[in-house]
Amino acid sequence: MRTRAKTALEVFDNPILVGTFTILVVIIAVYLSYIAENGLPFVPTYNVNVDVASAAELTKNAPVRIGSDQVGQVLSITPELASQDRTDTSKQPFARLGLALQQSVGPLPADSRYEVRLGSVLGGKYVSIVPGSASSGTIPDGGTLPLKDNIPFVDLDTAFDTFGPKTQQGLRSVIKEAGDAVAGRGTAFNQATYSLAQLIGPLEHLLSLLAARSTNLSGFISGAAATTSALAGVSPQLSSLLSEGSATFAALNLAHTSLGETIDALPATESIGTTVLTNARPVLANAAAIAEALKPAAAVLPQAADRLDAIVTSATPVFKRVPELASTLQTAAGALANLAHDPNAIEAFKLLGNNDLATFGASTFVGLGAILRDAAPAQLACNTIGIWARNFANVLSEGNATGSWLRVSLVVDAQQLFETSTPSPDLHLNYYPNENSSECEAGNEPYTPGQLIGNPPGDQSTKTDNTTAPAGVLERAARAGLLAGTS
């Protein structure tokens, strides 16, 4: 035993053997690190291929992730042609990525999708796989996800590639200047952040008000859009207005001394105005009370205005005849003056003024006023007096030396000829026909079967005969001074 132990120690004390063993370990470590790029040796993997339109900035051994977990790496990037015929340029070439995934991931559903994503703002990309549903079948080991399953994605670097060299240079300059601007201003940024935090509460309340349906922000935006659209048509005039406004402001600048004096006088003016308004409070209060009291009248104001308009419209033709009426009234006034100077008339009025005739005269004039008040509508609307006078004149127009004849036509009814306890069943009698602006019953009563005593039902026609004065009457009245303007 002692001999064997000594022999083992002698082996490790041999520098050639130790060096050989060390070199062998280093060679094995280098080999393992080299082949580790293609996966750890002796570890089973699930290999699939995916086709991408562009593998720019995607490197070998780039990570493959499902969600946020890394499940494999890219082993190979191979350019491919969509058509085997290299002369066919209708199909764009693409890149095929060979992926080595953990055995636990596979097999992937056939409808799985994938995309190439940016790893960080510093660069580097990875492949993200979105597994599909298990009911669509699976992709076997060594299978391929076609180009149609690639999810197009625009990363930040792709967005920046849309800018030209000049724009990119400008962006770099802006970012550099922004960096210089914020350098050494940490305290200011902290204060700004704190102020912003204080602003969030009121700003949230403001945004909730703007988002409320009752605010109608969309209507305001639509109205603003309509306003700007309307102003677009007058943009030359607006430009001219702004241009001329500069001249106005230049004039104000020249008058800055007077304008300053005016502004200096404003406090005293405001003080006087405050005093005036304070003294005017009782007047304003009374005006408010009057306005409040007039509110019920405001409801009927449109109707009253319509009626006033109708009155003015109807009275305009009448007012055109006022000069003629005034001339006639002047003639009547002259006749009245002559009557007042007539001795016979004076004696007659003295007689009416006696105590014995005073009561009789007063009652006579009162009764005459009632008659005229009731007869006026009948005459103005139905020409009652004119028709009566014409008819009465017609029945007395014939006669002999003894006198005029009254022409009548008797309608004899045995039941109406003799006295009975009840009126005849077919009696038609209208004691007081309605004669006004609504109807002219006299001469327009309809005949209805049976008995009708009094006014017939409903309003009758307002049509009546027009009458004219007999020939020569107006001329004789004018010569007598009763009418003016007729010879």
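Can you list residue pairs whose Cβ atoms sit under 6 Å apart, with the first residue in the stretch 45-67 being under 16 Å from ASN150 (Cβ atoms) and the second being of a type in the set (Gly, Ala, Ser) and at pLDDT 80 or above? Count only pairs 6 or more apart in sequence or on different chains.
Correct list of pairs: VAL48/GLY143; ASN49/GLY98; VAL52/ALA95; ALA55/ALA95; VAL64/GLY72; ARG65/SER128.
Does ALA332 qualify as being closer than 30 Å to TYR432 by Cβ, at pLDDT 80 or above and of a type in the set (Gly, Ala, Ser)?
For ALA332, the condition - closer than 30 Å to TYR432 by Cβ, at pLDDT 80 or above and of a type in the set (Gly, Ala, Ser) - is not met.
Search the stretch 370-383 for residues that are free of Cβ contacts under 8 Å to residues at least 60 places away in the same chain and pair each with any residue that is surrounded by fewer than 11 Cβ atoms within 10 Å (Cβ to Cβ) and polar (S, T, N, Q) when their beta-carbon atoms are under 7 Å apart and the residues are at least 6 apart or on different chains.
Qualifying pairs under 7 Å: none.
Inspect all residues belonging to the stretch 17-31 and state whether any of them is at pLDDT 65 or above and of a type in the set (S, T, N, Q).
Scanning the stretch 17-31, I find at least one residue that is at pLDDT 65 or above and of a type in the set (S, T, N, Q), so the answer is yes.
In the list ALA224, ALA211, which residue meets the criterion of being open to solvent by 70 Å² or more (accessible area, probe 1.4 Å), more than 30 Å from SER54 (Cβ to Cβ), aliphatic (A, V, I, L, M) and under 37 Å from the mean Cα position of the chain (by Cα)? Steps first, please.
On the way: ALA224 fails: open to solvent by 70 Å² or more (accessible area, probe 1.4 Å).
The unique qualifying residue is ALA211.
Determine whether the stretch 279-289 contains at least one residue that is in a helix (DSSP H, G or I), closer than 30 Å to ALA477 by Cα and open to solvent by less than 80 Å² (accessible area, probe 1.4 Å).
no
Give TYR431, TYR447 a once-over and let me know the one that is among the aromatic types (Phe, Trp, Tyr) and closer than 22 Å to ALA376 by Cα.
Details: TYR447 fails: closer than 22 Å to ALA376 by Cα.
Answer to the selection: TYR431.
The values are calculated or read from the model by the stated rules, or taken from the named source; none is laboratory data. Computed from a predicted model, the values in this text were never measured in an experiment. When we count neighbours, we look across all protein chains shown, and the Cβ atoms used for this are built from the backbone with ideal geometry, even at glycine. These accessible areas exclude ligands, DNA and RNA; they are computed on the full protein's heavy atoms, side chains included. Shrake-Rupley method; radii C 1.70, N 1.55, O 1.52, S 1.80 Å.
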